[in-house]
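Read the structure below first, then the notes.
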Amino acid sequence: MKNIGISIYPAKSTFESDKNYLDLASKHGFTRVFMSLLEIEGDTTEVVEKFKKVIDYAYSVGIETVLDINPNLFGQLGVSYTDLSFFKQLGAGVIRLDLGFTGAEEATMTENSEKLKIEVNMSGGTNYIDNVMSNRPNRDYLTASHNFYPQLYSGLSQEHFERTTAQFNQYRLHTAAFVTAENGQLGPWPVQQGLCTLEEHRYLSIHAQATHYKLMDSIDDLLIGNAYATEEELKTLAEAYLGSYPQLKMVFNEHATDLEKKVILEEVHSYRGDISAYMIRSSMTRVHYKDENFPAHQTNAIKKGDILICNNDFGQYKGETQIALKDMKNDGTRNIIGHIQEEALFLLDYLMPSANFTFLL
């Protein structure tokens, strides 16, 4: 089951701001909240109480807390990895180990009597998870998540992300990654230029980021790394990631007809399995609209990302919807009625044959 989440930073925020954000998140179907407790500055009791108040409120609106910690914090709090009752009393549901132990400790922690889930870090690129699994953890209480990266150019490459994610997916663990909100300004560190897992996501819209993860289908949960996302961003993430189909954002050109707009926006499209290197074909629209009139217009040369509808001059193909994957000549049978938004063009590389999808303005 896929879930969506937010992040809040009680050590740097007010309870009222966090409460309002949790209310908005809960309204739009968010069920996880990430909080960072990597270090405690100042009065320990005061900091812990502040976290507990927010965690308790999150729980009251149906949101489970993922608490990010590292081994040094165990010493600071006087907590042992064999006794996690402190974190249970704090109200957390998941303990995320930003830095791991040797593998044996993590396995032991999954047997905790408090039934806390133990979340391990996916981003390292070592054989860490193999060490954990070799110690026979309780898989029901072991999850995994990638880091986020506040420093520009420091996020994961696509290749590294795919390789490390595959290491964890082979063990069928529940996984998570982070996207960044354009309007989020708050994170755990002074330096923050977005809080995403993948570097290529840093300046993309939250819709493009979420759609990318939906198309890759290798991560279970998606969390917004920075606070506070706007309500529109929360709504967008929920619809893009939890919706039935991937949504490809597009724009119509000024010559697109009302019928052509209907074909594009009101259909669930299906990428034909007999793939072409030149185009994505959605053929059922030619069946649904076989009796409609599609006069030829805008039949100039085709560019990658152009959205096409076959016109009356194309015989039995009239009404078929296509997306150009390469630049092509146009023999006059294809109307160019719009284009995939520039930032979403790369998503065409992740749409799989036989998959359903929709278009979105």
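The values are calculated or read from the model by the stated rules, or taken from the named source; none is laboratory data. As the structure is a computational prediction, the values presented were derived from the model and not from experiment. Here Cβ is always computed from backbone atoms with ideal geometry, including for glycine, and neighbour counts include all displayed protein chains.
For this structure, a couple of remarks:
- Among the conditions (1) without any contact (Cβ under 8 Å) to a residue 24 or more places away in the chain; (2) among the hydroxyl-bearing types (Ser, Thr, Tyr); (3) closer than 18 Å to Asn226 by Cβ, Thr45 misses just one, which is (3).
- For segment 1-32, a tally of residues being among the β-branched types (Val, Ile, Thr) and touching a residue at least 60 places away in the same chain (Cβ under 8 Å) returns 3.
- Segment 199-230, residues that are in contact (Cβ under 8 Å) with a residue 40 or more places away in the chain, assigned to a helix (DSSP H, G or I) and not aliphatic (A, V, I, L, M): Glu199, Glu200, His201, His207, Thr211, His212
- Boolean, Phe314 is closer than 19 Å to Val251 by Cβ, surrounded by 13 or more Cβ atoms within 10 Å (Cβ to Cβ) and aromatic (Phe, Trp, Tyr): no
- One residue stands out among those in segment 155-191 that are within 21 Å of Tyr21 (Cα to Cα) and among the hydrophobic types (A, V, I, L, M, F, W, C): the one that is surrounded by the fewest Cβ atoms within 10 Å (Cβ to Cβ), which is Trp189.
- Any hit, segment 240-255, residues being in a helix (DSSP H, G or I) and either closer than 27 Å to Pro10 by Cβ or over 10 Å from the mean Cα position of the chain (by Cα) (or both): yes
- Enumeration of residues in segment 130-146 that are out of contact with any Asp or Glu (no Cβ under 8 Å at 6 or more places or on another chain) and in a loop (DSSP other than H, G, I, E, B): Arg136, His146
- Annotation: of all residues in segment 98-139 being in contact (Cβ under 8 Å) with a residue 12 or more places away in the chain and β-branched (Val, Ile, Thr), the one that is surrounded by the most Cβ atoms within 10 Å (Cβ to Cβ) is Val132.
- Annotation: of all residues in segment 1-39 being in a loop (DSSP other than H, G, I, E, B) and within 18 Å of Leu77 (Cα to Cα), the one that is farthest from the chain's Cα centre (by Cα) is Glu39.
- Hey, Val66 among the aliphatic types (A, V, I, L, M) and either within 30 Å of Ser154 (Cβ to Cβ) or at pLDDT 95 or above (or both) or not: yes
- Positions within segment 93-149 being closer than 18 Å to Thr65 by Cβ and of a type in the set (D, E, K, R), in sequence order: Arg96, Asp98, Glu114, Lys115, Lys117, Glu119
- Only listed residue being more than 24 Å from Val120 (Cα to Cα) and of a type outside the set (Asp, Glu), chosen from Ser26, Ser85: Ser26
- First in segment 181-198 and at positive phi, second anywhere and at pLDDT 90 or above and assigned to a loop (DSSP other than H, G, I, E, B), Cβ under 6 Å, 6 or more apart: Gly194/Thr180; Gly194/Arg202
- When residues of segment 192-235 are limited to those that are surrounded by fewer than 22 Cβ atoms within 10 Å (Cβ to Cβ) and among the polar types (S, T, N, Q), the one modelled with the lowest pLDDT: Gln192
- Restricting the search to helices (runs of 4 or more DSSP H) fully inside segment 40-96 and requiring at least 3 residues that are of a type in the set (Ser, Thr, Tyr) gives 44-60.
- Residue in segment 2-10 that is of a type in the set (S, T, N, Q), crowded, with 22+ Cβ neighbours inside 10 Å and under 23 Å from Lys235 (Cβ atoms) present: yes
- Candidates Ile323, Ile309, filtered to the one that is within 24 Å of Asp217 (Cα to Cα) and not in a loop (DSSP other than H, G, I, E, B): Ile323
- For segment 348-361, taking the residues that are in a helix (DSSP H, G or I) and not hydrophobic (A, V, I, L, M, F, W, C), the one that is nearest to Ala324 (Cα to Cα) is identified as Asp349.
- Counting only residues that are surrounded by 18 or more Cβ atoms within 10 Å (Cβ to Cβ) and modelled with pLDDT under 95, segment 12-41 holds 2 of them.
Here is a yes/no grid of residues against (1) closer than 27 Å to Thr236 by Cβ; (2) assigned to a loop (DSSP other than H, G, I, E, B); (3) outside the structural domain of Ala210 (by TED's automatic domain parsing):
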| site | (1), (2), (3) |
| --- | --- |
| Asp274 | no, yes, yes |
| Ala277 | no, yes, yes |
| Ala296 | no, yes, yes |
| Asp313 | no, no, yes |
| Asp331 | no, yes, yes |
| Ile336 | no, no, yes |
| Phe346 | yes, no, yes |
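- Scanning segment 82-105 for residues that are modelled with pLDDT under 95 and under 14 Å from Thr143 (Cα atoms) gives Leu97, Asp98, Gly100, Gly103.
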